[in-house]
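Quick one: the structure is below, and I'll ask about it shortly.
The values are calculated or read from the model by the stated rules, or taken from the named source; none is laboratory data. Keep in mind that what you see is a predicted model, and the values were worked out from it rather than measured. Cβ atoms come from the backbone with ideal geometry, glycine included; neighbour counts cover every protein chain shown. Only protein heavy atoms, including side chains, enter the accessible area calculation; ligands, DNA and RNA are left aside. Shrake-Rupley method; radii C 1.70, N 1.55, O 1.52, S 1.80 Å.
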Amino acid sequence: MGYVDAHIDMAPNTPALSYTGLFILQALAQGHRFGFDIMEVTSLPSGTIYPALRRLEALELVTSDWEKDLQARKEGRPRRRYYELTKAGRHQLKEAEARFRAVGRLFPKHAD
Amino acid sequence: MRITRAALRLVSLIVPHADRPRWVEEWTAELRHGGWRMLPGALPDAWTLRALARDERRLTRRSSPGIFHALDQDVRYALRTFGSGKSFTLAVVGSLAIGIGATTTAFAMVNATLFRPFPKVHAQDGLVRVMLAPGTRTFISSTWDDYRVLREGIPALESLSIAHDASFAVAPDGGGEPRTVGGVVVSHNYFDVLGVRPARGRFFVPEDEARRRPAVVVSHTYWQRYLAGDPSVLQRSLDVNGAELPIIGVVAEGFGGVFTRGDAHLWITFALSDLVFRTKDGQPIQARDAEPFRNTMIGRLKPAATIEQASAQAAGLAQPLAETRDRSLGKRELFVRVEPLRVADPERFALMAIGLMVVPLIVLAIACVNGANLLVARASQRSVDWLVRLALGASRWRLIRQLLVESLLLALAGAALGLVLCFWTASYVQVLAFPAVVVDANVVLFVVGAAAATALVFGLGPALSVTRAAVSRAPEAGRFLRGPFGSRTRAALVMLQAALCLGLLATGAQFMKTLQVIWEDGLPEPAGFLTVSLDVDPLRYGRDQAETFYSQLLARVEELPGVEAAALTDRSAAQMLAGAVTSWGGHIAVPGVPDAPRDVYTAYATAGFFEAMGLQLVQGRTFTSEEHRRPPRAVVVNETFVGRAFGEHALGRVVTLAADREAGTAVVEAMVVGVIALDRRPLFSRLPVVFYPAPLTHEPALDLLVRVDGGAAAIAPAIRTIVSSIDPRLPLGRVATGEDLRRQRNVRDYTLARTVSVLGILALVLAAAGLYGVVSYMVTLRQKEIGIRMALGAEGASVLRLVLRQSLVPVLAGCVLGALGAGVIASLIRSRLYGVSPMDPVAFGGAALLLVLTMIVASLAPARRASRVDPVNVLRAE
């Protein structure tokens, strides 16, 4: 696809998560549920977001469903699909955040 | 937005089928929300989904058990569903039984002719036939010397035998009635080459031939029928053509000879060939001194030898053999052909075999369409079944397998029934002049194969479509219930069935009509007509003796009370009565008229012939009794001959007659004394015919024709008495009344026509049953729609009309198609449709009417059910 995912190597038995995946998990954790909203908040293009969403769903870190018909009909538009974290997804996110915080502590800050 | 939607639909083709509807809906909503800039993401998303689906399939495949896992479950489940849907099961099995039964019977006939033609012959693959031929297609007679040369000159052959068919006058010792019996003159090694075993006694040994021992071998049938199965048969003897021959052996039951016209019942060696062979004047002669005679040479290959080796060796003998022949070959080259031993030329027979199989295959196709329709209907009704199984984790393949198992079981049941039908019909089709039709391993194998193929044909389509509909998890069950084939496909199938039906019915009707016409052709008025075949050659009558006998016989028969006319004719006239014009008889020339017709039908016939046959003389007279003495000095011709030879005036004109076409035989001049009318019988009106009153050569075999006032059969014993009083050793040949002739002639064509008609009726029944099933199903499906219509004010009658119209339109379309098809086929086989045009309106009209009426009846019951739908009940059930 032209872009290269840097894979963060994690402990065995956990699926390899790309940066994109991590961003998406974060966005979902912050309450952005629709694909378009995730695009806006992460500034990633749709060609990146959606394939990543599919893979996360296949890994069962994320789940999806249709929004309520009533809501969509009230607003006069077709119903959309929304995404949310699963328990496993929340767990992954927490672990990743812990690791990044640890990375930040590996090197002393440059005293400029 | 429209362009965006179109692009989206295009991209959606990449998405796996199962996920496609959801994906389209999701992206439509997102595009609506976010605008066209979302679009570029659609393609990568589609590819990702596709890749994920592929990975998932790979995983499940590795972890799933083999494809035949728990097959017994499928079988048990299938049997349970058959039990709960008995009428469905019966309908499908019945249809298939008819189709498979018809096809198997046709195959059994092909099998009997191509694959196992000669019963009781051992290891037929090692047998070859050796023939002399001037070209590639025909073969010619050969002499005893030719046989000796071939016997010594083909080392690849273990041994070579020779056989010559003949008719014998046979009477058992102890004074039984003399009979004409078919038999064969053979070399001593004949039975050894064929590997036939005796049921009693022994076969010939070289000494029998070398020492000219009187000996005869009889068939099992002859022993049982004419010797009453006498256990001391080996102590008995037979009077064969005037010689007393002891019986040395009885052939195993079922063996009737190889390449004999009709069954052979006795065998003698060539050492006794003077009992059968004659010179031109009727003197007995040994075969080794005789002119070339028709024969069959059969050899057995050595174990390691091939037919190609034998062929090559035989080819080397062609030159020396040609040199020993006289000028009879002319410019043609002589070939020696070595071919595998088979009943019929496979190339020529292949066409007949195809033609034979086509009609039953059409019936089978109709049965399969029925099966498919019924299967689809029932499978759709089990949609809840499928959804539950899918929810429990079944794969699509598992569902397909279930449906295929059901189809296979139904097909096997149909095949078993079909095999029983085949047994029954085997004896009936025997009459189509095939060798014994036997249900052997080949036929059983064919049945099983046909069942499997049938199951695939009618089961696979529905299985694939129904399961795809189930697996796509269509949200509305209603859409799924509508059935995967769609109304257009179903209509096309009904149309196809109707077309095939009409084709069969119309063709059968045309054949039957043809036979009506043929039966009139050439036959005399049947009431009071009798014909008796006689042959004095077995008793070695010379020419004078034969003529004396026959004139005595004729004179005494004419004096019998009730006899209106009696005549003698030669075998060519007899063949004409049998409906075959196979020989052109003598050579006619008209002096002074260089382009007189050369191909003229000639026959020896005495004066009473014309009255016996009901032919009208329009000019001149018939023969006088003086003119019966040879050489013939008078002829009677028909108007066609007059037209072609003289133009007009015929009486008193002279023609020359020669016995055969070769130069140097006696030529006789004869005067035209009478002209017979153009008869309504095409044979006598189409061909130029010349009758002469005295035989041109020695004619030992003649037919006696008698017309009596009253029942013809009653006079046969009197004729028998007259013959016995002149010569008690002489057997009567075939005795047939006019009715017998009418019935025996064209028995084969008649059976063929009747078979096609019966199959046509069967096809009609199947198609009607199929239509009934389809219309019933459609009515059930569309109950809601009908209920709504009626609730909105439609009347029962209009619903009835609607259903009938929808079900009959494809039928009518099929009629048109079928008429065209049958017309095309009929024009191809025009030669057999004698006197009936290829598009005979009566045949087609009648068949179409029958078809349409039957289909109306078939759709009436479900249509009436539709018109009686209670809208309240239907809508309440929704």
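What do you reckon, how do B:Arg58, B:Arg288, B:Arg782 stack up by accessible area (1.4 Å probe), largest on top? Please report the intermediate quantities before stating the final value.
Numbers: B:Arg58 115, B:Arg288 140, B:Arg782 70 Å².
If we order B:Arg58, B:Arg288, B:Arg782 from most to least accessible, we get B:Arg288, B:Arg58, B:Arg782.
Another question, then. Given Cβ point charges of +1 (Lys, Arg) and -1 (Asp, Glu) and nothing else, what value in debye, to the nearest 20, does the dipole of segment B:195-336 about its Cα centre take? If you can, show how the numbers build up before the last one.
Details: 19 positive and 16 negative charges, 40 e Å.
The calculated dipole for segment B:195-336 is roughly 200 debye.
With a sphere of radius 13 Å drawn around the Cβ of A:Leu61, what net charge do the other residues whose Cβ falls strictly inside it have (Lys, Arg +1; Asp, Glu -1)? Intermediate results must be reported in sequence, preceding the final value.
Values: positive: A:Arg54, A:Arg55, A:Lys87, A:Arg90, A:Lys94; negative: A:Glu57, A:Glu60, A:Glu84, A:Glu95.
Neighbour charge sum, excluding A:Leu61 itself: +1.
Where Lys and Arg each count +1 and Asp and Glu each count -1, what net charge lies around B:Thr306 among other residues with Cβ under 15 Å from its Cβ? Please report the intermediate quantities before stating the final value.
Working: positive: B:Arg300, B:Lys302; negative: B:Asp125, B:Glu158, B:Glu308, B:Glu339.
Net of charged neighbours comes to -2.
Heavy atoms only, 1.4 Å probe, whole protein assembly: order B:Thr180, B:Thr755, B:Thr324 by accessible area, highest first.
B:Thr324, B:Thr180, B:Thr755
What ³J(HN,Hα) values, in whole Hz, does the Karplus curve 6.51 cos²θ - 1.76 cosθ + 1.60 give for segment B:860-871 when θ = phi - 60°, with x put for Gly and Pro?
3J(HN,Hα) across segment B:860-871, in whole Hz: 5, 4, x, 5, 5, 4, 5, 5, 9, 4, 8, x.
Please compute how much accessible surface disappears when B pairs with A, both sides summed, using a 1.4 Å probe, and round it to the nearest 100 Å². Walk me through the numbers before you get to the answer.
On the way: alone 42160 and 8010 Å², together 48280 Å².
Its buried surface, counting both partners, is about 1900 Å².
Going by amide H atoms built from the backbone, whose H comes under 5 Å of the H on B:Arg734, apart from near neighbours?
Residues meeting the criterion, in which the H sits 1.01 Å from N, are B:Ser533.
Follow-up question, since we're still on this one. Using the Cα centre as the reference, give the magnitude of the dipole from point charges on the C-beta atoms of segment B:1-43 (Lys, Arg: +1; Asp, Glu: -1; all else neutral), rounded to the nearest 20 debye. Don't jump to the answer; show the numbers that get you there.
On the way: 7 positive and 4 negative charges, 40 e Å.
Approximately 200 debye in magnitude.
Shielding by partners for B:41-49, please: the mean number of other protein chain Cβ atoms within 10 Å of each residue's Cβ. Don't skip to the end; give the middle numbers.
Numbers: counts 10, 3, 4, 11, 9, 3, 3, 9, 5.
That average works out to 6.
Still on this structure, please answer the following. Could you give the distance between the Cα centres of segment B:211-289 and segment B:24-45, to the whole Å?
96 Å
Quick one: what Rg and Dmax do you get for segment B:361-427 from the alpha carbons, in Å?
Reported Rg and Dmax, both Å: 15.9, 55.
Let me ask something additional. A drop of at least 50 square angstrom in accessible area, chain alone versus all protein chains together, probe 1.4 Å. Which residues of segment A:49-67 meet that?
Listed in order, they are A:Tyr50, A:Arg54, A:Trp66.
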